[in-house]
Structure formats: C-alpha cells, structure tokens
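This report refers to the structure that appears directly beneath it.
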Amino acid sequence: WNAVENSWQGCVNAKKNRLTAHGVEQAERAARQLFRQIVADLKSKKDIQTRFDSLAIFTSQLDRARDTAAIFVKYASAELRKFGIRFRPRIRTDRRLNEISFGFWDNKTFCQIERASAEEGDRARSYMRLNAMVRSSWGRRSGERFIDVVVRGLDFLRSIRAAASEDK
C-alpha cells in the first residue's frame, strides 16, 4: 500500500514507488537493528569477519527493495570499518522475492479502480475485507493471490537451501 498516494502499490518499479524520506528513515532504523542482531552473539573480530564473509543479501527486483538493502550495506560497512573489516557484498535480486502483483490495481487508488469498473471496485474492497482471497481479473493483467506469492517465496528458499547444500 502506498500511503502517500493512497493506492495499491503492488509490483511496480515507478518513480512514485521509490522510498520516501520516511521509508529511508525506516530502512536506516531496520539496518541498525539487523546489524545488532547479526553481531549480538559474536565475541571476536574473527567471528564478526566470518559472519559477514558468509552473508548473502537477496532482494526483490524493485528499486525500493534494492535501496533498502543498500542502506543496510552502507550502515554495516561503516560499522565494520571500525573493526578494520571490509564489507562489500553483492546485492542479488530475484523476481521470486518481488512484492505481490495486484494486476490492474497496481498503482491505482480505489477511485481509479471503481471508475474503470464498478465490479473491480467491489473486488478490491472484498480483497481488503477477505485478506486477499480475491484478486483483480479485469483487463490484461490478473493479480496474484497470497498463495501465489507464498509458493514463489518457498521456491526461492528451496533454491537457496539446495545451493548451500552443494557448497558443503
């Protein structure tokens, strides 16, 4: 949901879907918290180096997700420099991590959806009430159901597990 535009954000890589100043603040706060969690149980510089050498960063293909990952990398790099540790990971993107596609609803407000089709407006309102049990079916682009997102996310996790098993 795009709170600034009051619209369905979905899986769109448009300028209006980039991180806002508030989004950047949230990402910076999350970066600090995540960094603290990663190093919380580590006792030595060697332990910290080992942990960050093995750290893989994956994100969706959307700019706002890549920007969020870059904010973490920037923060972690600055903190690790204090220990003399160099951290320059590659941020890997994978379409299976993309946000849910709302199809026709992507980047549209309820009013825009209703103007295009009263039936789609009803479907959008039902979506909100029924926790995504219905989806857009109007026009050329059908939206995803939550289960579709879960399935592709699980597929991504299985591929990571398989890759990790091959590395052992």
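The values are calculated or read from the model by the stated rules, or taken from the named source; none is laboratory data. Fair warning: this is a prediction, and the values are worked out from it, not measured in the lab. Glycine also receives a Cβ, built like all others from the backbone with ideal geometry; neighbour counts cover every protein chain displayed. Please note that ligands, DNA and RNA were not included when accessible areas were found on the heavy atoms of the full protein model with its side chains. Shrake-Rupley method; radii C 1.70, N 1.55, O 1.52, S 1.80 Å.
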Worksheet item: Which pairs have Cβ atoms under 8 Å, sit 6 or more apart or on different chains, and link a residue in segment 80-94 that is touching a residue at least 12 places away in the same chain (Cβ under 8 Å) and open to solvent by less than 30 Å² (accessible area, probe 1.4 Å) to one that is assigned to a helix (DSSP H, G or I) and polar (S, T, N, Q)?
Response: Ile85/Gln49; Phe87/Ser77
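Take the conditions of a type in the set (Lys, Arg) and out of contact with any Asp or Glu (no Cβ under 9 Å at 6 or more places or on another chain) and apply them to Arg18. Does it pass? Talk me through it step by step, then tell me what you get.
Numbers: of a type in the set (Lys, Arg): yes; out of contact with any Asp or Glu (no Cβ under 9 Å at 6 or more places or on another chain): no.
No; evaluated as a whole, the condition is false for this residue.
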Worksheet item: Just wondering, is there one or more residues in segment 7-17 that are on the phi < 0 side of the Ramachandran plot, of a type in the set (Phe, Trp, Tyr) and at pLDDT 90 or above?
Response: no
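Do we find that Tyr127 is among the hydroxyl-bearing types (Ser, Thr, Tyr), buried (at least 17 other Cβ atoms within 10 Å of the Cβ) and over 26 Å from Glu5 (Cβ atoms) in this structure?
On the way: among the hydroxyl-bearing types (Ser, Thr, Tyr): yes; buried (at least 17 other Cβ atoms within 10 Å of the Cβ): yes; over 26 Å from Glu5 (Cβ atoms): no.
No, not satisfied.
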Worksheet entry | Selected residue (only one of Glu119, Glu99 is at pLDDT below 95, under 16 Å from the mean Cα position of the chain (by Cα) and open to solvent by 50 Å² or more (accessible area, probe 1.4 Å)) | Glu99
Worksheet, complete the sentence: Within segment 17-64, residues touching a residue at least 24 places away in the same chain (Cβ under 8 Å), part of a helix (DSSP H, G or I), small (Gly, Ala, Ser) and open to solvent by 20 Å² or more (accessible area, probe 1.4 Å) come out as Ala30
Worksheet item: What is the one condition in (1) farther than 30 Å from Lys46 by Cα; (2) of a type in the set (Asp, Glu); (3) modelled with pLDDT of 95 or more; (4) over 18 Å from the mean Cα position of the chain (by Cα) that Asp63 does not satisfy?
Response: (4)
Worksheet item: Are there any pairs with C-beta distances below 7 angstrom linking a residue in segment 1-14 that is within 18 Å of Asp67 (Cβ to Cβ) to a residue that is exposed (fewer than 12 other Cβ atoms within 10 Å of the Cβ), with the two at least 6 apart or on different chains, and if so which?
Response: Gln9/Trp1
